[in-house]
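What follows is a single structure, written as structure tokens, with notes after it.
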Amino acid sequence: MAVLTFNVAPDSVICAVYEDDGCREHGVFEAPETNEALLLRMQRMARLYGALYALTGVGVSLANEQDVVAEDLQTTLQLPVLVTTCGDEATLAQRTLATF
């Protein structure tokens, strides 16, 4: 069981896969200019990591009150989504693992 996390900052997004024993995958990509492009990129990453790991949920941490709609992400990914504003990647992973 694993969770996928997206730590969204104004200029970049940290994407990681966590299991109970720690981080399995970790990467950074440039934040797209629009929310639609950001959601599309998140969907692609979820499909990629979903093929490699048994994902049970997605954690998304948003910086600067960015308007990413969790309901749209949850619907398109067909996974539960936890949206928070914690800035620390490890905290985001722990919260997401505990939730899902």
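The values are calculated or read from the model by the stated rules, or taken from the named source; none is laboratory data. Just so it is clear, the model here is predicted, and its values are computed rather than measured. Cβ placement follows ideal geometry from the backbone for every residue including glycine, while neighbour counts extend to all protein chains displayed. Areas reflect the complete protein model, heavy atoms only, side chains present, ligands, DNA and RNA absent. Shrake-Rupley method; radii C 1.70, N 1.55, O 1.52, S 1.80 Å.
Go through (1) touching a Leu at 6+ places or on another chain (Cβ under 9 Å); (2) more than 16 Å from Leu82 (Cβ to Cβ); (3) modelled with pLDDT under 95 and name the single condition Pro10 misses.
Pro10 satisfies every listed condition except (1).
Filter the stretch 22-50 for residues that are more than 19 Å from Glu71 (Cβ to Cβ) and of a type in the set (A, V, I, L, M, F, W, C) and give the result.
Those that are more than 19 Å from Glu71 (Cβ to Cβ) and of a type in the set (A, V, I, L, M, F, W, C): Cys23, Val28, Phe29, Ala31, Leu48.
With the structure loaded, tell me whether Met42 is aliphatic (A, V, I, L, M), touching a strand residue (DSSP E or B) at 6+ places or on another chain (Cβ under 7 Å) and open to solvent by 60 Å² or more (accessible area, probe 1.4 Å) or whether it fails that test.
Numbers: aliphatic (A, V, I, L, M): yes; touching a strand residue (DSSP E or B) at 6+ places or on another chain (Cβ under 7 Å): yes; open to solvent by 60 Å² or more (accessible area, probe 1.4 Å): no.
When the stated conditions are applied, Met42 does not pass them.
Looking at Gln94 and the list (1) in contact (Cβ under 8 Å) with a residue 12 or more places away in the chain; (2) surrounded by 15 or more Cβ atoms within 10 Å (Cβ to Cβ), which single condition is not satisfied?
The failed condition is (1).
Okay, residues lined up against (1) small (Gly, Ala, Ser); (2) open to solvent by less than 70 Å² (accessible area, probe 1.4 Å):
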residue: Ile14; (1), (2): no, yes
residue: Glu25; (1), (2): no, yes
residue: Glu36; (1), (2): no, no
residue: Ala51; (1), (2): yes, no
residue: Thr56; (1), (2): no, yes
residue: Glu71; (1), (2): no, no
residue: Gln78; (1), (2): no, no
